[in-house]
Structures are given as C-alpha cells and as structure tokens.
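Working notes for the structure below.
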Amino acid sequence: MQERCNMKSKYNENKEWQDYLKLYEERPELFLQSDQISIIFDENTINTFVEKTNKKIGVLYKSDFHILIVDLVSDKNKKLYTYERLLPSVNSGAVVTLPIQNKKLVLLKQYRHAIRQSQYCFPRGFGEVGLSAQQNAEKELKEELHAHITKTQYLGNIIADSGILSTQTAVFVCEVEDIQKEYGYEGIEDIVFLTPKELETWISNKKITDSFTLSAYSLYKFHCR
C-alpha cells in the first residue's frame, strides 16, 4: 500500500508530514498516546526512519469519505514500525440502519466494488457535514428505499474493523412505510423483507457476511426483542 519515496530533502518538510501535523491539530482525539503503542512525532526520528526504509509517513490520500494515514509507532520494546489507518473525513455521523416495515427487516442486495461481489446488508452511509447520525440515517433510507420514516431508535455504536478503521458507526432501528424499489442506485440489485427468524436462518447458513449487518442485528436482538 505504501509508495517508495525519494529523500531529496528532510521528510518533515514534505506535504504528507505537514498534512499529518495539521490533522493532529484539528483532530487530536485520533492521536491519543498509549503505553501499548506510541505514536512518534519527533522529526529527527521521522527523518532517520524514512531515509533508512524509504517508507512514507503521514497523510497519503484524502477523499470526501476517507483519509489514509501512515503513523510511525513504537511498541513496548521500542521497536519502530509503520501502521496504516483509514479515518473518516467527516468526524461523526456514520450510520447503519435496521429498517422495519410490517414487522419485517429490510435488507439490500448490493454490489460491493471492494470485494467484487454482492452482499445482503442493512442500508448504511458515511458521515456527512452538517448532519447528525439520526438525520443521516433518515437521509440514507429516503435515498435507498424512498421510505417514509415513522420512528427511529438509537441502539449504540459499532466499529467494523478496529485493526484499520477508526469510524464509530451509529446504529438505528427505523420503522418505515411505503418502501419503493429503485435498482441500480449505488449498486442496489434487490430489496428483501425478512422476519427476524428468517434473517437468523440466513446468518446460520452463512448467507450474511457483512460485518455492519451482523453487528447491528446483534444490538437489535438484545435491545429490541
């Protein structure tokens, strides 16, 4: 994932590192220090490590949805190594929804480019500027299901993959009406309606592999049933 870099000047003068320091100032909660794994900011150490390894450190990529950073970190034995993290561009508001219509859970069959195949999953979305998590949940359901939302309930937060992601995703169960099918939007191929028992059969049969859906249903099962 990491590109090789050319050491023509001190690395701490490069854009990747300067953007990293700016991100640290703007979102310090993402850089809290720990005795387990320490984040290195000493620029002499940074310069020496990059010169020896030709590995880039800092902000390597930014989009409207994600920021890819590479930290230089140290373990308890003082061993230095790089660690990649994928941060949300918008700090909060990411959601996964459990739509319910006529006592049935609503799932999408959606093509996922990252895995190059389709999955069954609950509707979800990245955080968006100016929207709370609940507002974003309602927006996602209107966009993907054209649904009228009659009631929402917050169930908690999940982190889909804490090995690389830092996104806290809020989970909402939403009672909806008047769902309309619109295929093709964001890879949507179908909409299915399942009772909780039917969904659990699908899970048992390994038909559900999406971590957001599995985690969200677990919260629903223990809080709403």
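The values are calculated or read from the model by the stated rules, or taken from the named source; none is laboratory data. Note that the structure is predicted; figures quoted are calculated from it, not measured. Here Cβ is always computed from backbone atoms with ideal geometry, including for glycine, and neighbour counts include all displayed protein chains.
The table below gives the values:
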{"item": "Test set (1) surrounded by 13 or more Cβ atoms within 10 Å (Cβ to Cβ); (2) more than 28 Å from GLY127 (Cβ to Cβ) - LYS78 fails condition number", "result": "(1)"}
{"item": "Long-range neighbours under 6 Å by Cβ, at least six apart or interchain, first residue farther than 22 Å from ILE158 by Cβ within the stretch 171-191, second basic (Lys, Arg) and part of a strand (DSSP E or B)", "result": "GLU189/LYS109; ASP190/LYS109"}
{"item": "Tally, over the stretch 192-225, of residues that are at pLDDT below 95 and among the hydrophobic types (A, V, I, L, M, F, W, C)", "result": "2"}
{"item": "Evaluation of ILE164 against (1) touching a residue at least 60 places away in the same chain (Cβ under 8 Å); (2) among the aliphatic types (A, V, I, L, M); (3) buried (at least 16 other Cβ atoms within 10 Å of the Cβ) (one fails), failing number", "result": "(3)"}
{"item": "The stretch 44-64 residues that are basic (Lys, Arg), paired with ones that are outside any helix (DSSP H, G or I) (beta carbon under 7 Å, 6 or more apart)", "result": "LYS55/GLN2; LYS55/THR82; LYS56/GLN2; LYS56/GLU3; LYS56/CYS5; LYS56/VAL70; LYS62/SER89"}
{"item": "Residue in the stretch 169-214 that is farthest from LEU131 (Cα to Cα), counting only those that are small (Gly, Ala, Ser) and outside any helix (DSSP H, G or I)", "result": "GLY184"}
{"item": "Selection within the stretch 140-168 - part of a strand (DSSP E or B) and of a type in the set (A, V, I, L, M, F, W, C)", "result": "ILE149, LEU155, ILE158, LEU165"}
{"item": "Tally of residues being surrounded by 19 or more Cβ atoms within 10 Å (Cβ to Cβ) and either in contact with a Pro (Cβ under 9 Å, 6 or more places away or on another chain) or over 17 Å from PRO123 (Cα atoms) (or both) across the stretch 191-225", "result": "2"}
{"item": "Selected residue (criterion: modelled with the highest pLDDT) from residues of the stretch 2-39 that are loosely packed, with under 10 Cβ neighbours inside 10 Å and among the hydroxyl-bearing types (Ser, Thr, Tyr)", "result": "SER34"}
{"item": "Residues of the stretch 154-202 that turn out to be hydrophobic (A, V, I, L, M, F, W, C) and within 18 Å of the chain's Cα centre (by Cα), as a count", "result": "9"}
{"item": "Hits in the stretch 117-139 - residues which are crowded, with 17+ Cβ neighbours inside 10 Å, assigned to a strand (DSSP E or B) and not hydrophobic (A, V, I, L, M, F, W, C)", "result": "GLN119, TYR120, ARG124, GLY125"}
